[in-house]
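Trainee: Have a look at this one.
None of the figures in this text is laboratory data; all of them are computed from the coordinates on show. If you're wondering where the values come from, they're calculated on a predicted model, not measured in any experiment. Cβ placement follows ideal geometry from the backbone for every residue including glycine, while neighbour counts extend to all protein chains displayed.
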Amino acid sequence: MFKENNDHKQLKMFGYEGKLNQHRRNMLEKGWPALFYEQVFSK
């Protein structure tokens with residue numbers, strides 16, 4: 001039996017999101033790593 005995992009949606013205090021500029025953040029969110037994360041790790 002699997003339980004829903006919502007802990008990964010909280011932003012980390014020392015995460016990379018705050019260190020990237022908007023262009024690099026967009027590249028990361030639109031590339032294959034974001035799809036892989038959503039389809040594999042989030043399920």
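Trainee: I'd like the residue in segment 1-33 that is of a type in the set (A, V, I, L, M, F, W, C) and not in a helix (DSSP H, G or I) and, out of all such residues, is nearest to K43 (Cα to Cα). Steps first, answer last, please.
Mentor: Of the residues in segment 1-33, the ones of a type in the set (A, V, I, L, M, F, W, C) are 1-2, 11, 13-14, 20, 27-28, 32.
Now narrow it down to the ones that are not in a helix (DSSP H, G or I): 1-2, 11, 13-14, 20.
Details: M1: 13, F2: 9, L11: 18, M13: 24, F14: 24, L20: 26 Å.
Among those residues, the one meeting the criterion is F2.
Trainee: Just give me the residues in segment 15-27 being among the charged types (D, E, K, R) and surrounded by 10 or more Cβ atoms within 10 Å (Cβ to Cβ), in sequence order.
Mentor: So the first thing to find is which residues in segment 15-27 are among the charged types (D, E, K, R), and the list is 17, 19, 24-25.
The answer is E17, R24, R25.
Trainee: Kindly provide the set of residues from segment 34-43 that are outside any helix (DSSP H, G or I) and touching a helix residue (DSSP H, G or I) at 6+ places or on another chain (Cβ under 8 Å), ordered by number. It would help to see each step written out before you state the result.
Mentor: Filtering segment 34-43 down to residues outside any helix (DSSP H, G or I) leaves 42-43.
Within segment 34-43, just S42 meets the criteria.
Trainee: Working carefully through the options K12, K30, find the one that is surrounded by fewer than 10 Cβ atoms within 10 Å (Cβ to Cβ), free of Cβ contacts under 8 Å to residues at least 60 places away in the same chain and either within 12 Å of the chain's Cα centre (by Cα) or on the phi < 0 side of the Ramachandran plot (or both). Break it down into steps so the answer makes sense when it comes.
Mentor: Values: K30 fails: surrounded by fewer than 10 Cβ atoms within 10 Å (Cβ to Cβ).
Matching residue, one of K12, K30: K12.
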